[in-house]
Amino acid sequence: MTAVTVLGMVLGGALAGCGSASGGSSGDRPAAAPAAPSAVSGAPSKAPSSAPPAAAKPPNLAPGPEGLARVFERGQKSAAKVVALSFDADMTADEGPRAAGGEHFDNPELIALLRRLKVPATVFMTGRWAEEYPSQARAIGTDPLFEIANHSYSHYAFTSPCYGLPTKESDEVGGEVRRAFGAIRKTGARNVVPYFRFPGGCYDDASLRALAAQKVTAVQWDVVSGDAFATDADAVAEQVLDGVRPGSLVVMHCTRSAAPVTGQAVDQVVPELRKRGYRFVKVSELMRG
């Protein structure tokens, strides 16, 4: 992994995620029981033929011989023309005041676009984001088109330096993973997979060893979109299209404040890749091979 790849994810701090079509956090509080998404957010889509059956158990890679969690970066190079789009919901634990002040750590228009285009996707969500936008997390996590993976609770790094992110010790990995899964499942999300993406993409052997105890697979990427803080959708789309190969895993973001042109880029990328013969899959299907 290059510094350019990680820089595209975390320049200046944490990015944020995606959800249903509700706006800020003030009215987004968990219901007593899971409810269907509102008419504003759109009802969950039926699973397209390109997505695996909802009941299929997601694959999970066993730790390596040295007790380190496996790191999945892409599908088999000999894979058919399949590609997985992943979107990071990067809200850090200390960004609550910014959300309360009106900053939008969501991009409902992007999720709506993925639904209209029938593109399966994997959202790597922080627990803090799920707490801020519980109805949006539930809408994503009950739609068979999507799956939710773990991106830690706080979006703090587990090794330093990591592009300015606050740092936690590697022995805190377990607590971060469990707390994030708890926050995500509390929203009523059901399509939750045993995958973890390190904040900032930064990890070392100590953090991988700690992650292995949580029985999850570390997931990175082989194509960086460059959408973080980008203002040129054409450039983002070009970077993705230039990088995708059969079996690629693309990292993108979905936040109105820090990745404002991602939707426009996706609207270019999807039809072009389909024209080239690609089929979109979730990370779990890509890992399944």
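The values are calculated or read from the model by the stated rules, or taken from the named source; none is laboratory data. Everything numeric in this text was worked out from a predicted model, so none of it was measured. Every residue, glycine among them, receives a Cβ derived from its backbone with ideal geometry; neighbour counts consider all protein chains shown. Heads up: the accessible areas ignore ligands, DNA and RNA and are worked out on the full protein's heavy atoms, side chains in. Shrake-Rupley method; radii C 1.70, N 1.55, O 1.52, S 1.80 Å.
What the table shows:
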| read-out | value |
| --- | --- |
| Number of the exception - residue 58 against (1) open to solvent by 20 Å² or more (accessible area, probe 1.4 Å); (2) touching a strand residue (DSSP E or B) at 6+ places or on another chain (Cβ under 9 Å); (3) at pLDDT 90 or above; (4) in a helix (DSSP H, G or I) | (4) |
| Test: residue in region 136-145 that is β-branched (Val, Ile, Thr), touching a Cys at 6+ places or on another chain (Cβ under 6 Å) and within 16 Å of residue 254 (Cα to Cα) | no |
| Residue in region 165-183 that is open to solvent by 10 Å² or more (accessible area, probe 1.4 Å), in a helix (DSSP H, G or I) and among the polar types (S, T, N, Q) present | yes |
| Only listed residue being within 24 Å of residue 62 (Cβ to Cβ), of a type in the set (Lys, Arg) and out of contact with any Pro (no Cβ under 6 Å at 6 or more places or on another chain), chosen from 215, 275 | 215 |
| Any pair with Cβ under 6 angstrom, 6 or more apart, that starts in region 71-82 at a residue that is more than 15 Å from residue 60 (Cα to Cα) and ends at one that is aromatic (Phe, Trp, Tyr) and open to solvent by less than 30 Å² (accessible area, probe 1.4 Å) | 81/278 |
| Restricting region 217-274 to residues that are free of Cβ contacts under 8 Å to residues at least 60 places away in the same chain and assigned to a loop (DSSP other than H, G, I, E, B), the residue that is nearest to residue 133 (Cα to Cα) | 260 |
| Residue that is surrounded by the fewest Cβ atoms within 10 Å (Cβ to Cβ) [pool: residues in region 124-164 that are without any contact (Cβ under 8 Å) to a residue 60 or more places away in the chain and part of a loop (DSSP other than H, G, I, E, B)] | 161 |
| Selected residue (criterion: farthest from residue 266 (Cα to Cα)) from residues of region 71-122 that are surrounded by 16 or more Cβ atoms within 10 Å (Cβ to Cβ) and among the acidic types (Asp, Glu) | 95 |
| Number of positions in region 242-273 that are within 17 Å of the chain's Cα centre (by Cα) and basic (Lys, Arg) | 1 |
| Flag if residue 202 is buried (at least 17 other Cβ atoms within 10 Å of the Cβ), out of contact with any helix residue (DSSP H, G or I) (no Cβ under 6 Å at 6 or more places or on another chain), touching a residue at least 40 places away in the same chain (Cβ under 8 Å) and under 24 Å from residue 93 (Cβ atoms) | yes |
| Residue in region 184-193 that is in a helix (DSSP H, G or I) and of a type outside the set (A, V, I, L, M) present | yes |
